[in-house]
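To keep things clear, I will list the structure first and then write my remarks on it.
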Amino acid sequence: MTLWPADYSGAWTLAHAVERHGVGLHSGQQCRVRLQGSHRPGYWVCRLNRPAEPMPRLEPSLVAETRLCTALRLESGPLATVEHLLAALAGTGVSQAELWLDGDEIPLLDGSAAGWVEAIAEAELLAQPQSIKPQVLKAPVTVQQGLSFATALPAQTLQIAAAVEYPQAAIGRQVFSLELTPQRFVEEIAPARTFGFREQVEQLRAAGLIQGGALDNALVCDGEHWLNPPLRYPDEPVRHKLLDLLGDLALAGLPQAQVFAYRGSHGLHTALAAALTQAQGTQSLDFEQAQAS
Ligand SMILES: [Zn+2]
């Protein structure tokens, strides 16, 4: 029996609550997340120590910083490194859930989404009666930042592709594309770990960042070699880019589109998520106007 929905057309939440804790990438502090079901579409965030506060729905307008991870600014305070957890939720087909937090970061776990997929499997998926409003595109949406660009084209399903190009021979040029389903996400994308470069790691550490980064939660590249092999896939870096892209798009809900990101970054991905949200807004306006005329 397969655990996961066949595609992204249904509304699913979590049947039970599940908790995970671990070190945050940047602060190096322990943080904890409890995931539980929600009756409302989208991902909702609340603090475990302040349960009476309003619970905002995550959306691209909350993005505050994208240099090393996707960090949000909520009324209740900052929240960093949301992307792997959001990728796991959206990727497995969980379209709605509550995230209860203790700490200002989502735990990094092993640097991939595998631990979150395991947590979601433990919580079990629960079908919701309402259907999902598909995020259908009428026209292409493209965002560009320097040499990087990301584009979303109208399509019947979610097809997703990424290409990376690095001067370091251990990575070089990698391309990966797939027609995404929850099962394929779990098998081909979720286990891919975050990666970094030796010289960058040393600089960031010295600057007081990535205090929680270690050789057991990130692949570290030293030019022609990896400091901590083996890789889980020969093209693990580009698969991780797809994981990050999905996590960032999840802020707007996964689109029904053909998405391609060239030399993606959290800045680029969240800009695409914001542009898709804006396009959806314009489209629903178009739709209402068409209905009225
Ligand atoms: Zn990542």
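In the stretch 234-263, the residues that are at positive phi form Cβ pairs under 9 Å with partners that are basic (Lys, Arg) and more than 16 Å from the ligand (Cβ to nearest atom), at six or more places apart or across chains, as follows: Gly253/Lys133.
Mind listing whichever residues of the stretch 245-278 are among the charged types (D, E, K, R) and either away from the ligand (no atom under 16 Å from the Cβ) or surrounded by 24 or more Cβ atoms within 10 Å (Cβ to Cβ) (or both)?
Asp248
One residue stands out among those in the stretch 104-127 that are open to solvent by 30 Å² or more (accessible area, probe 1.4 Å) and either assigned to a loop (DSSP other than H, G, I, E, B) or modelled with pLDDT under 95 (or both): the one that is nearest to Val18 (Cα to Cα), which is Glu124.
Here is a check on your reading of the model: is Trp100 farther than 23 Å from Glu187 by Cβ, away from the ligand (no atom under 16 Å from the Cβ), in contact (Cβ under 8 Å) with a residue 60 or more places away in the chain and aromatic (Phe, Trp, Tyr)? Considered against the rule, which asks whether it is farther than 23 Å from Glu187 by Cβ, away from the ligand (no atom under 16 Å from the Cβ), in contact (Cβ under 8 Å) with a residue 60 or more places away in the chain and aromatic (Phe, Trp, Tyr), Trp100 comes out as yes. Can you report the number of residues in the stretch 172-212 which are small (Gly, Ala, Ser), within 16 Å of the ligand (Cβ to nearest atom) and within 19 Å of Asp235 (Cβ to Cβ)? So the answer is 3.
Here's the yes/no breakdown for (1) touching a Leu at 6+ places or on another chain (Cβ under 8 Å); (2) of a type in the set (A, V, I, L, M); (3) modelled with pLDDT under 95:
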residue: Gly212; (1), (2), (3): yes, no, yes
residue: Asp216; (1), (2), (3): no, no, yes
residue: Glu236; (1), (2), (3): yes, no, no
residue: Asp244; (1), (2), (3): no, no, no
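Residues in the stretch 2-55 that are touching a helix residue (DSSP H, G or I) at 6+ places or on another chain (Cβ under 6 Å) and not in a strand (DSSP E or B) were compared, and the one that is surrounded by the fewest Cβ atoms within 10 Å (Cβ to Cβ) is His16.
All of Val164, Val186, Val143 fail the test of being open to solvent by less than 50 Å² (accessible area, probe 1.4 Å) and either outside any strand (DSSP E or B) or among the acidic types (Asp, Glu) (or both), apart from Val186. Residues of the stretch 58-97 being within 14 Å of the chain's Cα centre (by Cα), away from the ligand (no atom under 16 Å from the Cβ), under 19 Å from Ala274 (Cα atoms) and part of a helix (DSSP H, G or I), which ones? Once the filter is applied, which keeps residues that are within 14 Å of the chain's Cα centre (by Cα), away from the ligand (no atom under 16 Å from the Cβ), under 19 Å from Ala274 (Cα atoms) and part of a helix (DSSP H, G or I), the stretch 58-97 yields only Pro60.
The values are calculated or read from the model by the stated rules, or taken from the named source; none is laboratory data. Quantities reported herein were computed from a predicted structural model and do not represent experimental measurements. Quick reminder, even Gly has a Cβ in these numbers, built from the backbone with ideal geometry, and neighbours come from all protein chains shown. All accessible areas refer to the heavy atoms of the entire protein, side chains included, with ligands and DNA or RNA removed. Shrake-Rupley method; radii C 1.70, N 1.55, O 1.52, S 1.80 Å.
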